[in-house]
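The values are calculated or read from the model by the stated rules, or taken from the named source; none is laboratory data. Bear in mind the structure is a predicted one, so any value in this text is a computation, not a measurement. With ideal geometry, Cβ positions are generated from the backbone for all residues, glycine too; neighbour counts draw on all protein chains shown.
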Amino acid sequence: MSQPTAAASQHGAAPAVPAQASATGPLKGTVRVPGDKSVSHRALIFGALAIGETRITGLLEGEDVLNTAKACAALGARVERLGDGEWRVNGVGIGGLRTPDRPLDFGNSGTGARLMMGMVAGNPITATFDGDASLRRRPMKRILDPLAMMGVQVVDQAEGGRLPVTLKGPRDLAPIAYESPVASAQIKSAVLLAGLGAPGETSVTEKEASRDHTERMLTHFGADVCVKPYGTHGRRVTLKGRPELKPAPIHVPADPSSAAFPLVAALIVPGSDIVIEGVMMNPLRTGLLTTLREMGGDIEVLGERTEGGESVGDLRVRGSALRGVEVPPERAPSMIDEYPVLAVAAAFAQGTTRMRGLSELRVKESDRLTAVADGLGANGVAYAIEGDDLIVEGRAHVAGGGLVATHMDHRIAMSFLVMGLASQAPVRIDDISFVATSFPAFVPLMRGLGAGIEVA
Ligand code: S3P
């Protein structure tokens, strides 16, 4: 049995690869999870927009990021892999992108597609954006609307603002002051990337702050960016357009959203004691850590340090008796990708966990609210959905024994495999192949800790 690499099932055509996880005893060892997906996409994009050579180390070589690399190359940048996670990008400068020969295929990746729509906006070129069946179902209007306000022509789109979408950049892009209706780093980043090609100031205001990797990278590449607090939890980011981006080396820290899987696994498997090295500790990404600690999770952050402009630390995690908590809605942006695995932790906790304000989960790689609820139900866990809240009734013992539909969603797949490591009967998933979008070595890494995962 081996780790599948078939996740790039463009348009959902590749055969499904079932898998199952079963309880095998305590997890032990030290691991390093792959580079952060958000930072990896941005490293390639900014490298392509700078003039000259950008060196990247620690890049996540998952399908999502590889599709962004291909798209940057199709737009004229020279993108080369030098070694394990080590890449070189020779950028063409803002406004220097060329019309691609064929549609840009982003596979399963909303981040790649949405950020690169913003990236091409400031270039007088026409480009078509496409993806697999999951990405074709996801809303793009949230990006097309602000880009249209800036003067981008939406030449073509599938019904309801879905992919495939064809955009034509105008000769002169107009800057905007955009009030984002959703706290989404993808919307914010698309508008800021477009703003690079507009004269004057482009700003994005969010009522709740989303991850800030784009702002940080803009500054790292020499752009003039100003970030101010807005209301209680929000921010306004203002960018001076048409800077010259200067190439800058980037080291990609380990992805906290990938670390979440061994982290929760170690908490729920009794007697476990593991270390996850060099995990990014950006406060806009650590909502899960806060929540798991509130639940009684034994997590120590060791050796906190700065690497490549981000704070990182080694997480020591031990098996813990968890208790149910209430997770406030304003915490959602800082742990938006972690709710599926938090729901698994909640299933093993004593008492009720209520996760509030999860409407955005409905428009991820799958409708994660429904997919998580179905997976919990299939494995004997009591739950309820009330409006946008998910309520999980935890018990120290989870029956397991269910078959979980993953809906082309890597995080649903990994979350329920984690569940199977501590449930009474094994948990099966219908398809593990999409794990390769963000965490290609998930199975060998988890097996190295002692996890019982079988791939058909
Ligand atoms: C991402 C932002 C998040 C997250 C996604 C990556 C990014 O989406 O779910 O996996 O890199 O900007 P939203 O900001 O749209 O919620």
Exercise. Within region 185-198, how many residues turn out to be under 15 Å from residue 95 (Cβ atoms) and either outside any loop (DSSP other than H, G, I, E, B) or touching a Lys or Arg at 6+ places or on another chain (Cβ under 6 Å) (or both)?
Worked result: 3
Problem set entry | Pick from region 165-179, criterion assigned to a strand (DSSP E or B) and buried (at least 17 other Cβ atoms within 10 Å of the Cβ), ranking: farthest from the ligand (Cβ to nearest atom) | 168
Problem set entry | Exclusive hit being more than 16 Å from the ligand (Cβ to nearest atom), more than 17 Å from the chain's Cα centre (by Cα) and buried (at least 18 other Cβ atoms within 10 Å of the Cβ), set 118, 122 | 122
Problem set entry | Residue list for region 137-146, restricted to those being crowded, with 17+ Cβ neighbours inside 10 Å and more than 14 Å from residue 119 (Cα to Cα) | 137, 138, 140, 142
Problem set entry | Positions within region 144-168 being in contact with a helix residue (DSSP H, G or I) (Cβ under 7 Å, 6 or more places away or on another chain), hydrophobic (A, V, I, L, M, F, W, C) and more than 21 Å from residue 102 (Cβ to Cβ), in sequence order | 147, 150
For this session: Taking the residues in region 20-38 that are closer than 25 Å to residue 404 by Cα, hydrophobic (A, V, I, L, M, F, W, C) and within 27 Å of the chain's Cα centre (by Cα) as candidates, determine which candidate is farthest from the ligand (Cβ to nearest atom).
Result: 27
Exercise. When both residues are 6+ apart or on different chains and their Cβ atoms are under 7 Å apart, which pairs have a first residue that lies in region 360-374 and is within 16 Å of residue 391 (Cα to Cα) and modelled with pLDDT under 95, and a second that is within 14 Å of the ligand (Cβ to nearest atom) and of a type outside the set (Val, Ile, Thr)?
Worked result: none
Exercise. Within the bounds of region 90-108, is there any residue that is outside the structural domain of residue 447 (by TED's automatic domain parsing), of a type in the set (S, T, N, Q), within 16 Å of the ligand (Cβ to nearest atom) and more than 27 Å from residue 172 (Cβ to Cβ)?
Worked result: yes
For this session: State whether the residues of region 147-159 include one that is under 29 Å from residue 329 (Cβ atoms), surrounded by fewer than 24 Cβ atoms within 10 Å (Cβ to Cβ) and away from the ligand (no atom under 16 Å from the Cβ).
Result: yes
Exercise. Do you know which residues across region 125-141 are of a type in the set (A, V, I, L, M), part of a helix (DSSP H, G or I) and away from the ligand (no atom under 16 Å from the Cβ)?
Worked result: 133
Problem set entry | Yes/no for residue 387 being farther than 24 Å from residue 160 by Cα and without any contact (Cβ under 8 Å) to a residue 40 or more places away in the chain | no
For this session: Can you tell me which residue among 381, 404 is without any contact (Cβ under 8 Å) to a residue 40 or more places away in the chain, touching an Asp or Glu at 6+ places or on another chain (Cβ under 8 Å), under 18 Å from residue 325 (Cβ atoms) and surrounded by 24 or more Cβ atoms within 10 Å (Cβ to Cβ)?
Result: 381
For this session: Kindly indicate the residue of region 333-379 that is among the small types (Gly, Ala, Ser) and in a loop (DSSP other than H, G, I, E, B) and also farthest from residue 108 (Cα to Cα) among those meeting that condition.
Result: 349
For this session: Evaluate region 259-269: report whether one residue or more is at pLDDT 95 or above and surrounded by fewer than 16 Cβ atoms within 10 Å (Cβ to Cβ).
Result: no
Seminar exercise, completed: From the option list 409, 388, single residue qualifying as of a type in the set (Asp, Glu) and surrounded by fewer than 17 Cβ atoms within 10 Å (Cβ to Cβ) is 388
Exercise. Could you count how many residues in region 55-78 are surrounded by fewer than 24 Cβ atoms within 10 Å (Cβ to Cβ) and assigned to a strand (DSSP E or B)?
Worked result: 3
Problem set entry | Among (1) more than 16 Å from the ligand (Cβ to nearest atom); (2) part of a loop (DSSP other than H, G, I, E, B); (3) buried (at least 17 other Cβ atoms within 10 Å of the Cβ); (4) among the aliphatic types (A, V, I, L, M), the one test that residue 182 misses | (1)
Exercise. Which pairs do you get when a residue that is on the phi < 0 side of the Ramachandran plot and in the same structural domain as residue 398 (by TED's automatic domain parsing), found in region 256-271, comes within reach of a residue that is away from the ligand (no atom under 16 Å from the Cβ) and of a type in the set (Ser, Thr, Tyr), reach meaning Cβ atoms under 8 angstrom, with the pair 6+ apart or on two chains?
Worked result: 265/272; 266/272; 267/320
Seminar exercise, completed: When (1) assigned to a strand (DSSP E or B); (2) touching a strand residue (DSSP E or B) at 6+ places or on another chain (Cβ under 6 Å) are applied to residue 52, the one that fails is (2)
Exercise. What residue, among those in region 200-220 that are part of a loop (DSSP other than H, G, I, E, B) and either within 16 Å of the ligand (Cβ to nearest atom) or within 15 Å of residue 119 (Cα to Cα) (or both), is farthest from the chain's Cα centre (by Cα)?
Worked result: 207
Problem set entry | Those residues of region 289-308 which are in contact with a Ser or Thr (Cβ under 7 Å, 6 or more places away or on another chain) and within 17 Å of residue 338 (Cα to Cα), in sequence order | 297
